[in-house]
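Asks: Here it is, the structure, as structure tokens.
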Amino acid sequence: MIPSEDTDNRAASVLLRTTFHEEEVIKAVRDCRERIGGAPSLVFAFVSSDWETHLKDFLEIVQVDGHATSVIGCSGFGLMGVGQEDENVSGMSLLFLRLPHTDVRRIEVDEADLADAESGMPWPSITGVAPDDFGGWLAFANPAKMRSEVWLRQWNSAYPGEAVYGGLCSGGPDPEEMFLFTEQGVSRSALLLLHLAGGVRLGGVVSQGCRPIGEPYTITEVDDNVVVTIGQRRAYEILEEAYDSLEETEQAAARGNIFAGLAMTEYKDELRRGDFLVRNILGGDPTAGVLALGAYPRVGQTLQFQLRDKDAADEDLLVQCAGAQTRYGEPFGALLFSCAGRGARMFEAPNHDAGIIEEVFGKVPLSGFFCNGEIGPVGGQNFIHGYTASAAFFLNP
């Protein structure tokens, strides 16, 4: 808990590794409530999928013993706390927030809303919220129901420049093992949006875990998501050139770990790693010389290939967090959304992403989970990412 002299905002978090155990949950929930000095304004809760059968009892404890009236959360393949990550375990991770001067609004978006958006109907506006009132947005989505591109296209148009941080729920291999929930129980919505305004600011980082390789070139011909030429040369040829630029010791590990970086701005003299939206290379045809991307690039956009490995991911998150500390100062609470493909399998050691946040910011109360997709902004637009760490920081105004 990190109270400020100038505000009553407070946070407390707990990570509990166990199958559902009523007494342990009650003890942890009461402890969080006591550490923030009273009833929370909002509780973020992430649980393993095996807790779904106990979700009613769990939420009752959070509301009765935690005095919480607003709860939002989802299932997770793994859970996070202060400096700690536990993958494929049973348990819960909670973040209690006391925000006495903050307006908290929740929007539940179902599949019908997304179908309307896909047909061209405009995204519904939020009445009574002026642009200068925006404190921040958080989003939790169910990948089994979510039409990501539809939502993001509408969202980025309706709320240009407004950052959204969050993640897509995870769990077991069965889609039924992934779920969103509120204080009312399991939510059948595709998307839960949370808007905070007034007494709190929301900042964040998005670490895509890559470093540029080769040279940046301008895309000169595309066909839908297929890049035909880059700098008037065959796209596949430029990819081979980027691969050949690596040291021999790097080339073996690079197979399957090279991605396309699409510049989000053309107005910088020097493009750095945070200026690129990193997307998968879905396939390539060396004969035709073309590359298919998991994105829709445009002619005139700068492309530079990116290498993802543990060293690049480690450096990128550390640099991003250090920059956030310079911009924001010390947060009083945090949420962390990391790809299920990161963790120990990428870094060959546990607690990497949560550990870096602790290293940079100290023991800030933190909760989070391993996701099926991470939500966050790059270049002023929001995207759903993969192999990424997205963190949201709660800041005093």
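Asks: Pairs under 8 Å by beta carbon, first residue within 15 Å of A389 (Cβ to Cβ) in the range 296-319, partner basic (K, R), six or more apart or different chains?
Replies: A312/R211; A313/R342; E315/R211; D316/R211; D316/R273
Asks: Would you check if A163 is in contact with a Cys (Cβ under 8 Å, 6 or more places away or on another chain), among the small types (G, A, S) and touching a residue at least 60 places away in the same chain (Cβ under 8 Å)?
Replies: No, not satisfied.
Asks: Here is a follow-up. Could you run through the range 359-374 and say how many residues are touching a helix residue (DSSP H, G or I) at 6+ places or on another chain (Cβ under 9 Å) and not aromatic (F, W, Y)? I'd like the intermediate steps shown before the answer.
Replies: As a first pass, look at the range 359-374 and keep what is touching a helix residue (DSSP H, G or I) at 6+ places or on another chain (Cβ under 9 Å): 359-361, 364-366, 368, 370, 373.
Applying the additional criterion that residues be not aromatic (F, W, Y) yields 359-360, 364-366, 368, 373.
The number of residues fulfilling the criteria is 7.
Asks: Now a separate question. Select, from G135, G204, the only residue that is buried (at least 22 other Cβ atoms within 10 Å of the Cβ) and either under 30 Å from D309 (Cβ atoms) or not aromatic (F, W, Y) (or both).
Replies: Just a single option satisfies the conditions, and that option is G204.
Asks: Could you check how many residues of the range 95-120 are assigned to a loop (DSSP other than H, G, I, E, B), in contact (Cβ under 8 Å) with a residue 60 or more places away in the chain and open to solvent by 10 Å² or more (accessible area, probe 1.4 Å)?
Replies: Count: 4.
Asks: Within the range 357-393, can you find the residues that are open to solvent by less than 10 Å² (accessible area, probe 1.4 Å), out of contact with any Leu (no Cβ under 8 Å at 6 or more places or on another chain) and part of a loop (DSSP other than H, G, I, E, B)?
Replies: Within the range 357-393, V364, T388 qualify.
Asks: Turning to a different aspect of this structure: With the requirement that a residue be assigned to a strand (DSSP E or B), of a type in the set (S, T, N, Q) and at pLDDT below 95, what does the range 187-217 give you? Explain how you work it out, then say what you get.
Replies: The initial filter retains those residues of the range 187-217 that are assigned to a strand (DSSP E or B), namely 187, 191-197, 201-207, 210-212, 217.
Okay, now just the ones that are also of a type in the set (S, T, N, Q), so 187, 207.
Matches in the range 187-217: none.
Asks: Follow-up. Name, by its number, the condition in (1) among the acidic types (D, E); (2) closer than 28 Å to L94 by Cβ; (3) within 18 Å of the chain's Cα centre (by Cα) that does not hold for E330.
Replies: All conditions are met except number (3).
The values are calculated or read from the model by the stated rules, or taken from the named source; none is laboratory data. This structure is a prediction, so every number in the text was calculated from the model and none was measured. All Cβ positions, even for glycine, are placed from backbone atoms using ideal geometry, and neighbour counts span all protein chains on display. Side chains included, ligands, DNA and RNA excluded: accessible areas come from the protein's heavy atoms. Shrake-Rupley method; radii C 1.70, N 1.55, O 1.52, S 1.80 Å.
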